[in-house]
1. The conditions are (1) more than 10 Å from every other protein chain (Cβ to nearest Cβ); (2) at positive phi, and A:His138 fails exactly one of them. Which is it?
2. Among the residues of region B:327-339, are any within 14 Å of chain A (Cβ to nearest Cβ) and in contact with a Phe, Trp or Tyr (Cβ under 6 Å, 6 or more places away or on another chain)?
3. Run down B:Val69, B:Val110, B:Val73 and say which single residue is aliphatic (A, V, I, L, M) and without any contact (Cβ under 8 Å) to a residue 12 or more places away in the chain.
4. Suppose we filter region A:223-242 for residues that are surrounded by fewer than 18 Cβ atoms within 10 Å (Cβ to Cβ) and touching a residue at least 60 places away in the same chain (Cβ under 8 Å); how many remain?
5. Taking into account only those residues within region B:296-313 that are facing chain A (nearest Cβ under 8 Å) and within 15 Å of B:Leu154 (Cβ to Cβ), which is surrounded by the fewest Cβ atoms within 10 Å (Cβ to Cβ)?
6. Taking the condition within 14 Å of another protein chain (Cβ to nearest Cβ), modelled with pLDDT of 80 or more, within 30 Å of A:Leu101 (Cα to Cα) and not in a helix (DSSP H, G or I), does B:Gly367 pass?
7. How do the pairs read when you match residues in region B:383-403 that are under 23 Å from B:Val132 (Cα atoms) with residues anywhere that are β-branched (Val, Ile, Thr) and exposed (fewer than 13 other Cβ atoms within 10 Å of the Cβ), using Cβ under 6 Å and keeping only pairs 6 or more apart or on different chains?
Amino acid sequence: MSDQVTPDLIIRAEQLTLRFGGVVSLRDVSFEMRRGEILAVIGPNGAGKTSLFNSVTGVYQPQEGSITFMARDAAPLSVIGKKAHQIAQAGVSRTFQASRLFSALSVFENIKIGAEDHRGIGLVGALVKGPRTRRGEHQSDEVVIDLLAFVGLKREANLIASQLSYGARRRLEIARALATGPEVILLDEPAAGTNPSEKLELAVLIRRVRDERGVSVLLIEHDMKLVMSLAERLYVLNFGSVIAEGSPTEVRANPVVIDAYLGSSHEETKA
Amino acid sequence: MTFFSLANLKRLFMILAVVAVIAVMTGTPGSSTASPTTGVHGSFLERVSWFGLFAAPRWLLFMTFGVIVWLGVSLYRPRARMIRRGIDTVLAFPKELTTKRSTRVALIVVALVVVILLPKFVHESFWMYLIVEQIGVWILLALGLNVVVGFAGLLDLGFAAFYAIGAYTTGWLTGALPTPALFHHPIPTLWVIPIGILAAMVFGVLLGTPTLRLRGDYLAIVTLGFALIIDDFVETQSGVTGGGVGSAAVPHPALNLGFWHFHWGITPTPYYYLCLVFIVIFIIVFTSLEHSRIGRAWVAIREDEVAAESVGINPLKYKVMAFTVGAASGGFGGVMSAGLVGIITPGLFTFQVSVNVLVLVIFGGMGSIWGVALGAIVIQTATSYLDNYQPWGYQINDLYMYIGALLIIMMIFRPAGLLPSRRRAREFAAAEGGEEIHTDEVLTGEQP
């Protein structure tokens with residue numbers, strides 16, 4: 001294994017294996033993500049997509065393999081063994097499959113919690129409210145206002161998160177994840193449960209996240225139309241292993257992928 | 001008419017059952033010497049006089065009472081929506097007033113004037129003493145636990161530990177314990193205040209760092225462990241803590257500025273003001289923390305720890321912070337109580353104390369500083385009154401029975417507490433509506 005880091009990679013995972021007792025959730029999974037690309041991970045239910053996300057964001061600790069995150073101005077970070085909040089601070093942000101907003105807080109507060117720097121804060125600093133604390137407050141307020149406009153939730157700023165429509169919640173989650181100032185954002189089924197018009201809006205938003213903010217996007221999505229229109233490259237997972245990789249057109253034509261998706265009926269036609 | 005519908009008759013039956021329980025609760029106690037049925041017999045068959053008007057067996061009185069309640073409920077239910085709307089329109093004006101900043105400030109000023117002038121109205125030193133010991137100190141404890149339970153959402157069943165640490169630090173440093181004071185040089189009680197607060201905070205860090213990695217029920221069990229350990233330690237380590245006897249020699253605080261001496265002595269009023277000053281300080285500190293970055297991080301952790309981590313919040317750090325900050329006012333409560341009473345005994349720091357503080361927080365409204373303070377005032381006043389006057393055949397041992405009943409009623413009709421914090425009230429509403437409740441689906445499975 002070489003320690004040489006290719007300059008245009010942002011995340012490299014090598015031979016990840018994640019087990020829960022006897023159940024193997026990821027088996028020997030390797031993938032590379034380039035800086036500035038929209039990369040998608042697809043696969044049938046239970047293929048290990050969310051497990052992969054949780055491994056990259058430090059929620060799960062794979063037993064074998066390595067994940068390296070290469071931030072622009074920092075030394076490569078070995079993700080395994082790090083805590084979820086450390087990885088988030090390093091610049092890997094995420095959303096969740098089932099939306100996990102702070103539902104009793106306002107839209108503004110939700111984003112603000114993401115925008116705040118949670119590292120250099122002591123009790124005294126929070127209490128005395130000196131110039132440094134006030135400057136921090138001001139900065140995070142500006143980040144929030146900017147992001148509210150970016151995701152189109154300006155008018156909903158003072159609503160409580162649980163009052164939002166499903167599509168708006170999805171956008172709020174993306175805004176909160178962007179508020180941490182990430183270099184890469186992991187979106188776990190961002191369009192789940194949304195209606196077709198909301199789906200379209202989300203696709204536009206995700207592309208803008210990359211184009212306007214320069215944030216690389218790693219995407220899990222079930223909606224094939226959405227994935228094929230958004231992603232530049234795809235990894236296909238099945239039973240915890242990568243079974244295919246390539247551009248949308250390559251993957252669509254790959255017989256292994258068709259097998260995995262259509263399963264038995266396809267085999268029956270063969271037999 | 002739906003009066004005799006099955007559902008309504010069922011309700012009558014339920015009400016009568018509850019009334020029967022209340023009759024037993026308030027009736028003649030049984031005793032170990034009398035026949036075991038004395039209690040039940042006395043509760044139902046005893047003839048009691050009603051304000052001297054007429055005498056009737058208790059069961060008749062209670063049943064009449066139950067039927068009246070049932071009639072009231074039956075009449076209310078068809079009109080419930082109308083009545084509730086009427087109440088809402090009546091309450092809309094005062095509600096709007098309290099949300100305005102200027103009226104809030106005015107309310108606070110009025111409250112402050114009242115509490116400052118209170119000793120002028122309470123002439124009996126016995127009651128003044130109770131106000132400091134039973135209300136003031138408990139407000140401090142409740143405010144501290146509110147940071148842990150209300151702000152950060154950590155169920156702490158061992159808060160009395162910090163209370164004990166404050167008190168025993170006072171005993172130790174003033175030379176009132178069998179253990180010699182630090183450097184064999186006792187220091188005045190007043191100077192113990194900052195040290196006692198600091199000691200409690202240090203213990204907050206020491207206890208919190210290893211245990212706050214746990215969540216929910218597991219944390220509650222560990223904190224229960226603290227309570228029992230402290231309870232046992234102060235009881236049995238008589239060489240260190242004075243054991244079951246404790247210490248009866250904590251000097252009263254005194255201030256000596258060279259040109260001006262002040263001795264707190266045995267009259268309660270000076271303690272009242274000392275306590276009041278610190279309650280105000282703690283309220284200011286906790287309020288500004290609640291509205292700071294730290295306060296928001298606490299809310300984030302309380303609402304969804306996984307999501308909080310995903311935006312870079314280190315849950316352990318903020319939980320330890322909540323534990324430490326909460327411990328500060330608990331520690332001061334200990335110093336205050338030791339300085340006032342002059343006596344430290346293990347009986348003051350039992351598990352029951354932890355539970356009682358938790359009751360104040362839940363009753364007043366988790367996460368609401370004013371609610372918790374009000375809750376402490378209401379419950380502690382009621383308790384002190386009941387203990388000292390024992391009206392209507394009340395017995396001290398029955399206290400928790402009534403508090404339990406009160407909490408059950410609260411949880412049904414006002415689950416977010418007496419003066420709920422707005423955020424908390426929303427969380428309760430969301431939980432009631434079945435919204436946004438997710439199982440920890442990303443955290444299932446074993447971790448190596």
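The values are calculated or read from the model by the stated rules, or taken from the named source; none is laboratory data. Note that this is a predicted model, so its numbers are computed, not measured. Every residue, glycine as well, gets a Cβ built from its backbone with ideal geometry; the counts of neighbours run over all protein chains shown.
1. With respect to (1) more than 10 Å from every other protein chain (Cβ to nearest Cβ); (2) at positive phi, A:His138 is out only on (2).
2. Taking region B:327-339 and keeping what is within 14 Å of chain A (Cβ to nearest Cβ), we get B:327-329.
So of that shortlist, the ones also in contact with a Phe, Trp or Tyr (Cβ under 6 Å, 6 or more places away or on another chain) come out as B:327, B:329.
Yes.
3. Details: B:Val69 fails: without any contact (Cβ under 8 Å) to a residue 12 or more places away in the chain; B:Val73 fails: without any contact (Cβ under 8 Å) to a residue 12 or more places away in the chain.
Just one listed residue meets the conditions, B:Val110.
4. Taking region A:223-242 and keeping what is surrounded by fewer than 18 Cβ atoms within 10 Å (Cβ to Cβ), we get A:224-225, A:228-229, A:232, A:239, A:241.
Checking the rest, the ones that are also touching a residue at least 60 places away in the same chain (Cβ under 8 Å) come to A:224, A:232, A:239, A:241.
Of the residues in that region, 4 qualify.
5. Taking region B:296-313 as the starting set, the residues that turn out to be facing chain A (nearest Cβ under 8 Å) are B:296-297, B:299-300, B:303-304, B:306-313.
Subsequent filtering for residues that are within 15 Å of B:Leu154 (Cβ to Cβ) retains B:297, B:299-300, B:303-304, B:308, B:313.
Values: B:Ala297: 28, B:Val299: 25, B:Ala300: 26, B:Glu303: 23, B:Asp304: 20, B:Ala308: 28, B:Ile313: 27.
Among those that are facing chain A (nearest Cβ under 8 Å) and within 15 Å of B:Leu154 (Cβ to Cβ), it is B:Asp304.
6. Values: within 14 Å of another protein chain (Cβ to nearest Cβ): yes; modelled with pLDDT of 80 or more: yes; within 30 Å of A:Leu101 (Cα to Cα): yes; not in a helix (DSSP H, G or I): yes.
It is true that B:Gly367 is within 14 Å of another protein chain (Cβ to nearest Cβ), modelled with pLDDT of 80 or more, within 30 Å of A:Leu101 (Cα to Cα) and not in a helix (DSSP H, G or I).
7. Listed by first residue and then by second, the contacts come to B:Asp387/B:Ile396.
A quick yes/no check of all residues on (1) part of a helix (DSSP H, G or I); (2) more than 7 Å from chain B (Cβ to nearest Cβ); (3) of a type in the set (Ser, Thr, Tyr); (4) in contact with a Cys (Cβ under 6 Å, 6 or more places away or on another chain):
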| residue | (1), (2), (3), (4) |
| --- | --- |
| A:Ala88 | yes, no, no, no |
| A:Arg100 | no, no, no, no |
| A:Ala104 | no, no, no, no |
| A:Phe108 | yes, yes, no, no |
| A:Ile111 | yes, yes, no, no |
| A:Gly114 | yes, no, no, no |
| A:Asp117 | no, yes, no, no |
| A:Gly125 | yes, yes, no, no |
